[in-house]
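The values are calculated or read from the model by the stated rules, or taken from the named source; none is laboratory data. Quick caveat, the model's predicted, so the values are computed rather than measured. Counting neighbours? That spans all protein chains shown, and the Cβs are built from the backbone with ideal geometry, glycine included. Accessible surface is based on the protein model in full, side chains and every heavy atom, while ligands, DNA and RNA are left aside. Shrake-Rupley method; radii C 1.70, N 1.55, O 1.52, S 1.80 Å.
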2 protein chains.
Amino acid sequence: MKKVAVLLSGCGVFDGAEVNEAVLTLLHLTKQGAAYQCFAPDIEQMHTINHLKGEENGDKRNVLEEAARIARGEVKPLSELEASEFDALMLPGGFGVAKNFCDFAVNGAEMTVNEQVLKVGKAFIDAEKPAGYMCIAPVLLPHIYGNGVKVTVGNDQEVAGSINTMGGEHVDCGVRDIVVDDKHKLVTTPAYMLADNLADAEEGIRKLVEKVLYMAA
Amino acid sequence: MKKVAVLLSGCGVFDGAEVNEAVLTLLHLTKQGAAYQCFAPDIEQMHTINHLKGEENGDKRNVLEEAARIARGEVKPLSELEASEFDALMLPGGFGVAKNFCDFAVNGAEMTVNEQVLKVGKAFIDAEKPAGYMCIAPVLLPHIYGNGVKVTVGNDQEVAGSINTMGGEHVDCGVRDIVVDDKHKLVTTPAYMLADNLADAEEGIRKLVEKVLYMAA
C-alpha cells in the first residue's frame, strides 16, 4: 500500500488549509487504495480571519492544532516527517499556504519559504519521489524545485506572473485538469483557484491523486 | 433544481461539525444536481477543544463564524432559515451537534434542544419536506419528530438506549447504509459514529443524499 504525507496549513480557506481540498485529497487517497498521514508545522498562524466577515480578528491560533480539526486529531508535527517513510507528498491549498508556509500573501515574488516546508519539499526531490501541489501551493515550487519547474495555478495572471518571476514556468490549466512536470515528478491542479463548486474541484484533485500515485514507484 | 438547507454546528469533530461529513454532504448534493445553503446558529460554542490534544482550551468561539470555515464564508444565521425556501434539510454530525445544537453530551437522555434548531426541524415536518440526519445528529429526532421516530446512529448501545428512552426507535445499521423512516420522510446514516475511513463515510452519506433528494417532491 502506497503511503502519502499530506501537509496542512491550518483549517479554513482564508487563514489555513482549504477545507474542501484537504478532505477531497484524503477521500481520493482512500478510494484509490493509498494510506496517508497528515502533517502541519507547530507554529502560530500569520493571523486569524473571521471567515464570516472576511476580517482579521485578534485570535492567536496554532497551525498544527487547527489542522487537527480536519484530520480528526491524527496530525503530526512537520518536524517529524521523514521522506524515507513515504511514497509521495501532497499539499492542498488555501491562504494558509501563502501565509503560514511562505509569505507570498504579503511579499509576492519576493517571498521566502518556511524552513521546515522547504526542507521537506526538497527531501522528496532528493528521494526521487513524486509530489502533488494544489490551488495556490504551486507558488512554493520555484523555491523548492528551482528554475524551469512547470506548474499551474489555473489562469490567474498575477500569480502566474509571480511564479514566472521566481523562475517557474506557469502553464494555464482548466479546473478539472492537471499539469504534469514529468522531469520533476510533479503534478499541480487549480482546485479552488478556479473552482466554483465541489464537483469541479474534486475532478482535478482526483486526477492529481491518480497521477501522483502512478508516479510513486 | 432542488435546494437543500444544511445545518452546521461549528468546524471540527470534537466541538463542532464533523468536517469530513460536512464536505461529503455538500459534495454529493453538488454531484447529484442539488443546490444548497449552509446555516448555523449565531451562538457561542459550548467550549473549544484543542483537536491535537483532545483537551479543552480557554478559547471562546462562535458557531456561525467557525462554520464559515467549512462553507468558505457562505453561511447564514440559522434565524434566517425559512423552510418554505427549501426542499429538504440536512444535518452532518460531530460533537457540535451534541454540544451546540443540544446538550446531549452533558445530559444524555435528559437533554434539551436549542430553540432555533428545534423550530427549524419542526418547520420541515410541518411543510412535509424530507430531512437527513447523520452521525450523532439523530439524538435530536425524538424531540423534533416525537415518539416512534425510526433512526440510526449505527450500533452504539449507549446512544441507542438514550434515543429509545427519549421515545425514538433505534435501528442498528452498517456504516455504508441508511435507515429510512418513510412515515416521517426521514433518513439517517451512522457516518463517523462507525466510519474508520472516508470512503465508508462517503458511501452512507451518498445514499442519504440520494434518498432525501428522491423524497423531496
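Points worth noting:
- Test: residue in region A:17-28 that is open to solvent by 30 Å² or more (accessible area, probe 1.4 Å) and at pLDDT 95 or above: no
- Within region A:45-63, none of the residues are of a type in the set (Asp, Glu) and open to solvent by less than 10 Å² (accessible area, probe 1.4 Å).
- Verdict on residue B:164 being part of a loop (DSSP other than H, G, I, E, B) and open to solvent by 10 Å² or more (accessible area, probe 1.4 Å): no
- Consider region A:10-24 and keep the residues that are in contact (Cβ under 8 Å) with a residue 60 or more places away in the chain and in contact with a Leu (Cβ under 8 Å, 6 or more places away or on another chain). The one that is nearest to the other protein chains (Cβ to nearest Cβ) is A:20.
- With respect to the conditions (1) among the aliphatic types (A, V, I, L, M); (2) within 10 Å of chain A (Cβ to nearest Cβ); (3) under 30 Å from residue A:39 (Cβ atoms), residue B:29 falls short on a single one, namely (3).
- Considering residues of region A:195-217 that are over 18 Å from residue B:31 (Cβ atoms) and not in a helix (DSSP H, G or I) only, the residue least open to solvent (accessible area, probe 1.4 Å): A:216
- Taking every residue in region A:120-148 that is of a type in the set (D, E, K, R) and pairing it with any residue that is at pLDDT below 95, at least 6 positions away or on another chain, the pairs with Cβ-Cβ distances below 9 Å are A:128/A:217; A:129/A:217.
- Index of the failed condition, residue B:133 passing every other in (1) crowded, with 17+ Cβ neighbours inside 10 Å; (2) part of a helix (DSSP H, G or I): (2)
- Residue that is open to solvent by 10 Å² or more (accessible area, probe 1.4 Å) and modelled with pLDDT of 95 or more, where the choices are A:144, A:70, A:125: A:125
- Here is the figure for region B:9-39: residues that are in a loop (DSSP other than H, G, I, E, B) and more than 21 Å from residue B:84 (Cβ to Cβ) total 12.
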